[in-house]
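The values are calculated or read from the model by the stated rules, or taken from the named source; none is laboratory data. The structure displayed is predicted, hence computed values, not measured ones. Here Cβ is always computed from backbone atoms with ideal geometry, including for glycine, and neighbour counts include all displayed protein chains. When the accessible area is computed, the model is the full protein with side chains, heavy atoms only, and any ligands, DNA or RNA have been set aside. Shrake-Rupley method; radii C 1.70, N 1.55, O 1.52, S 1.80 Å.
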Amino acid sequence: MEPVKLWLQRNLKGDPVLWGIVILFSLISMAVVYSATGTLAYKNELRGRSGTTEMILFKHTSLIFVGLALMWLAHRIDYRYYSRLSLYALLLSVPLLLFTFFMGGTTLNDASRWLTIPVINQTFQPSDLAKLALISHLASMLSRRQQHVQDFKTTLLPVMLWVGLICGIIIMSNASTALLLFATCLLLMFIGRVPLKQMAVMVAIGLVVGGVGLASGQRYKTVVSRIESFTDKSKPVPFQLEHSYIAIATGGITGKGPGNSTERNILPHPYSDFIYAVIIEEYGMVGGVTVLFLYLAFLYRGLLTVVNSHGAFGGLLAAGLTFSLVLQAMVNMGVAVGLGPITGLPLPLLSMGGTSLIFTGISVGIILAVSRGEREIRPMVGEPADTARIPKKTAYA
């Protein structure tokens, strides 16, 4: 065991608890996705497509390992390089988002959110790249302007332009992702000491830009319908939520057992949007609480990385990515138990997905890169050290 321990210490840097949480999520994901994809395999057979449950599991497991490999690579890189890369990633994501929406991206569920990568025939959501790029670049902008954070022209204006542009484009085809990204940016601005008055201006502009983007996009009627279904109790419970409730109610304390879900055959997308309901049905409240605890533990370790960060950029970067993943998880689980209107958000680290697993792996890798601490990182040639600080009481907020 000693050689294995030494290898792990040399190769897996950063927070070991965070590594353990991610690996545990990966194992749970393989088990639940394998159980939840029986109906998908049956539909593939009816349509003459290849795709047994074993093949789907193999593809999903392969993507998990690719995500873990990219997470390992990302955590080995000096996190300050991401300050430079974020701007290039943003400049790339804007034309990709526009092309997907206007020029014929792959349309699923009445929304053009995906591009199909040739040769490997894998769908790709440019919004995944845009989220990672925007959070990283926002952390970079705020960290570089800590001494001028109250200046509208030098701080708030460029922040408003990038946040408004990215969220405004995304909301035309994916309202839930855009709103969640906007909320994450506001949290990041609060941690970065942006005055509340300027944040209020940001919210007002966001409401206008978001309203225009939503009204001119593809999902306006769907969003209105889902909000009305959630707020108007006189209307029947939506089909998805009805069977999500049945799955949760029949799961009991310990569940029906792995692979014994019945609602997986009825629920739309039980392997992504409503995977939490399948987890509770098969593993009971014990399984549901365990998954919730793991996300809270992930949040705690991510915030611990923020507190222990030596510089503003590292702290803001880790905070933004941690909040982005955990907020999405809370929204997904909240929808499954009826605490919010239906969204199309997958459950991070657990749902079956394509490139979302890859970008989630990169995000966690960047958090781990920050958790390595600057004591292991020598100053980069030609660039000042990341010495800007966030006052501790603000960083804790």
Under 5 Å, built H, 5+ apart or other chain: amide partners of TYR79:
none
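Roughly what % of Cα-Cα distances in region 80-222 sit above 25 Å, to the whole percent?
So the portion of pairs separated by more than 25 Å is 29 percent.
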First compute the accessible area of region 80-222 with a 1.4 Å probe, then give the percent of it belonging to carbon and sulfur atoms.
68
Determine the gain in length on full extension of the stretch GLU242-LEU207; use 0.36 nm per residue of separation and subtract their C-alpha separation, reporting nm with one decimal.
9.5 nm
At 1.4 Å probe size, with every protein chain present, just tell me what the per residue accessible area of region 80-222 comes to in Å².
47
Estimated FRET transfer efficiency (ILE227, ASP78; beta-carbon r; R0 35 Å; 0.05):
0.20
Using unit Cβ charges (K, R positive; D, E negative) and no other charged atoms, how large, in debye to the nearest 20, is the dipole of region 80-222 about its Cα centre?
360
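Can you flag which of LYS59/LYS131; LYS131/LYS233; LYS59/LYS221 are past 26 Å Cα-Cα? Walk me through the intermediate numbers first.
Values: LYS59/LYS131 24 Å; LYS131/LYS233 34 Å; LYS59/LYS221 34 Å.
Those over the limit are LYS131/LYS233; LYS59/LYS221.
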What distance in nm separates the simple spin-label points at LYS235 and ALA183, each placed 7 Å from Cα in the Cβ direction?
2.0
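Over every pair of different alpha-carbon atoms in region 122-184, take the mean of 1/r and invert it; report that Kirkwood radius in Å.
Taking the inverse mean of 1/r over all distinct Cα pairs, region 122-184 comes out at 12.4 Å.
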